[in-house]
Amino acid sequence: MANTSELSEVRLEQSGVVDTLVDRTSARRLLPMAFVIALLSALISLFALFNASVGATESYQTRTFVVSLTLVVGFLIFPTGRKTWHGRLNAWFLLDLAIILFVIGTQVFVFYEMARTRGTLIAGLSEIADWQIAMGATYVVIVMELTRRCAGIPMLLIAVVFLLYVLFAEYAPAAIAGPNTSPAVLTRNLFFNIDGIFGVPVGAMVDYVIIFILFGQMLAAAGAGEFFTEVAMALTGRQIGGPAKASVISSSLMGTISGSAIGNVVTTGSVTIPLMSRFGYKPHFAGAVEAVSSTGGQIMPPVMGAVAFIMAQLMGVPYLEVAVAAAVPAALYYWAAFWAVHWEARRLGLTGMAPDMVPRLAAVMRRGWYFLVPVVFLIVMLAVGGSIIQAAFFSTLIAFAASFVRKEHRVTPIRLLKVLEAAGRHSIVIIVVAAAAGIIISVVTSSGLSWRMLAILVEFSENRLWLALPLAAIIALILGMGVSTTGVYVTLAAILVPALVQMGLEPMAAHMFALYYAVIGLITPPVAMAAFAAAGIAGSPPMKVAMTTFRIALPIYFVPFIFAYDPVLLLIGEWPEILLHVCTAFIGVWFFSTALWGHMFVRTTRLEQVALLAAGIGFLITSEIGAAIGILLGGGVVLLQLQRRKSLRAAAGEAG
């Protein structure tokens with residue numbers, strides 16, 4: 001089953017709303033719709049800029065306004081009865097128009113009244129009228145319908161299951177049974193309460209994520225993507241497997257400002273995938289490398305994916321703490337990808353690019369050094385404890401100003417409109433998914449389901465963490481087949497993470513475990529949407545790309561288990577211990593990757609592969625016994641490889 005939220009992202013990439021407006025060959029019938037979509041999408045971005053410029057305004061008012069605006073734009077972009085917004089209007093448009101008018105009416109009449117009387121409602125001094133309850137229930141249904149259109153049926157089904165549970169909890173199995181919740185109370189919890197659809201996930205979108213999407217779009221419009229690709233080429237182009245290594249590095253650099261798997265595939269993959277294929281890599285392998293590299297952007301600091309901001313909100317910690325904790329796991333992620341492409345290049349006998357094809361790093365930096373200014377400013381602001389919202393706001397302004405350094409990169413008024421419209425449009429899916437995630441959180445917390453699930457998990461695993469962690473990983477990967485990263489993480493955070501913490505897991509490790517597996521679901525067959533997007537560029541069968549992606553990423557699946565048992569990898573602990581464990585983890589991933597690809601200095605034997613795999617696991621478990629096993633087995637294979645390479649070279653010399 002396709003992850004429709006990711007497919008929606010691809011559709012959004014190809015919409016070209018502003019291009020339709022400025023292209024004189026566009027059909028006139030498209031212009032009014034394109035104008036409305038562009039205007040309202042840009043309004044989302046402008047509101048995020050305003051919100052960031054003043055720090056943050058009152059939560060309830062800003063969240064309801066942004067969600068309502070998102071619903072209006074969403075029903076225009078994801079219409080009924082047409083594949084895309086630019087399809088010819090039909091009778092079904094009247095349904096979408098009625099929904100849009102209802103949302104506008106709710107915003108004007110209900111939310112305005114709620115904002116005026118919310119204090120008395122919270123204090124119990126006034127009641128919610130029946131007509132308000134009815135409008136609130138209808139609004140929730142509308143949110144779920146747009147969730148179906150842009151995030152897919154699986155996400156909708158999960159929300160519906162939770163809603164049915166809270167309405168009919170007394171009929172549930174005995175282990176999770178509880179009192180029923182009336183529709184009126186449920187509507188109050190979901191619609192009139194700040195912890196419902198306008199809860200923490202939507203708050204993270206409104207306060208942080210939209211402005212960071214705008215920051216990434218601004219840098220991309222100014223040409224930062226080309227700059228990062230050239231930097232990667234300059235650093236690795238001459239090395240063995242240079243083009244593929246450049247893909248890994250450029251995607252990680254783009255990930256620091258984008259945090260979007262599909263966005264990274266489309267941005268960097270259009271350059272790196274054909275380049276890898278041209279230099280000898282098979283198309284399916286080139287697509288897989290890009291899919292793995294691009295997906296890592298969601299866990300790559302300083303700007304991680306949207307879900308990381310939700311994680312910070314749910315944990316009640318500064319985003320900087322999440323970014324710091326993610327640093328080593330993200331580095332291990334790209335370390336595994338880097339060595340996979342190296343060993344594959346060795347196996348195929350590939351060399352680096354010709355010197356005249358590799359840009360000189362000094363020349364690249366002279367041409368595009370100013371792209372680093374907003375990124376460095378953002379990192380410094382976060383490092384010194386500055387406001388993350390203000391940091392994103394000023395970084396966006398600096399990126400805009402930096403575009404004027406070179407004429408060809410200037411963000412002209414038309415480009416600025418494209419940036420504002422694209423940022424707002426790309427925010428729609430994640431805001432809708434966040435609203436649906438708010439339904440899940442509200443149901444789980446208000447019904448007591450989280451405590452019942454906690455008791456079930458503890459009893460099932462008999463309080464054994466080694467059994468609970470694989471169960472959580474399997475659930476995450478199954479959910480990831482049809483649910484967005486945000487939906488997977490929020491579900492795990494609401495139901496499983498509290499149980500893992502009760503079993504003794506460090507809270508940061510428990511949440512990072514859920515986040516990590518929510519992300520790598522994008523590259524896990526049978527549904528691996530990042531791989532499928534890369535397959536389209538590579539011109540290779542999607543499932544073949546997906547299986548190769550899984551093979552490249554296999555060492556990465558073990559990393560969350562390692563930092564779950566050893567939170568030192570999340571930079572929690574004393575620095576001598578941190579440095580030791582980080583080094584052993586990198587060695588372990590290196591051995592693991594080497595075993596998977598069957599090549600070190602020369603081709604490895606099956607026995608050597610088994611030994612290297614055991615050595616990698618030994619180093620990864622970061623114990624004295626594990627390290628001893630790793631040194632003996634891994635070191636032994638290295639010596640055998642060096643001896644065999646020496647013999648092969650001697651034989652080749654004699655033959656010559």
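What is the helix-to-structure angle for 372-383, meaning the angle in degrees between its Cα long axis and the longest Cα principal axis of the chain, kept from 0 to 90 and rounded to the nearest 10? The angle comes out at about 70 degrees.
To the nearest 10 degrees, how steeply does helix 529-538 sit against the main Cα axis of the chain, on a 0 to 90 scale? That works out to roughly 60 degrees. Judged by the mean number of other Cβ atoms found within 10 Å, the most tightly packed of the peptides 510-517, 447-454, 608-615 leads the ranking 510-517, 608-615, 447-454. Kirkwood radius, region 137-276, all distinct C-alpha pairs, inverse of mean reciprocal distance: 18.7 Å. The spread of Cα positions in the chain, taken along each principal axis and listed from longest to shortest, comes to 93, 66, 47 Å. The charge dipole of region 317-450, taken about its Cα centre with unit charges on the Cβ atoms of Lys, Arg (+1), Asp and Glu (-1) only, comes to about 560 debye.
Taking the helices alone, the chain has a mean residue ellipticity at 222 nm of -23000 deg cm²/dmol, built from -39,500 (n - 2.57) per DSSP H run of at least 4 residues and averaged over all its residues. For LYS83, a cut-off of 27 angstrom between C-alpha atoms picks up these lysines, skipping any fewer than 8 places away in its own chain: LYS418.
Under the convention that each Lys and Arg Cβ holds +1 and each Asp and Glu Cβ holds -1, the size of the dipole of the chain around its Cα centre is about 2180 debye. Each of the peptides 70-79, 325-334, 231-240 was scored by the mean count of other Cβ atoms within 10 Å over its residues; in descending order, highest first, they stand as 70-79, 325-334, 231-240. Placing unit charges on the Cβ atoms of the charged side chains and taking the dipole of the chain about its Cα centre, the candidate lying farthest along the positive direction among ALA611, VAL559, MET547 is MET547.
Of PRO359, VAL376, ALA337, whose Cα points farthest to the positive end of the dipole of region 325-423 (charges on the beta-carbon: +1 Lys, Arg; -1 Asp, Glu; origin at the Cα centre)? Of the listed residues, the answer is PRO359.
Ordering ALA436, LEU417, LEU479 by the projection of their Cα atoms onto the charge dipole of region 387-485, which places +1 on the Cβ of Lys and Arg and -1 on the Cβ of Asp and Glu, puts LEU417 at the extreme positive end. Our coupling estimate for region 346-363, obtained by passing each phi through the Karplus curve with A = 6.51, B = -1.76, C = 1.60 and θ = phi - 60°, is 4, 4, 8, x, 7, 10, x, 6, 5, x, 6, 9, 9, x, 7, 4, 4, 5 Hz, Gly and Pro reported as x. Taking the inverse of the mean reciprocal distance over all distinct Cα pairs, the Kirkwood hydrodynamic radius of region 427-497 comes to 12.9 Å. Axis of helix 575-597 versus longest Cα principal axis of the chain: the two differ by about 70°, to the nearest ten degrees.
No lab work stands behind these numbers, since they all come straight from the coordinates. What you see is a predicted model, and the numbers here were worked out from it, not measured in a lab. No Cβ is skipped: glycine too gets one built from the backbone with ideal geometry, and neighbour counts run over all protein chains shown.
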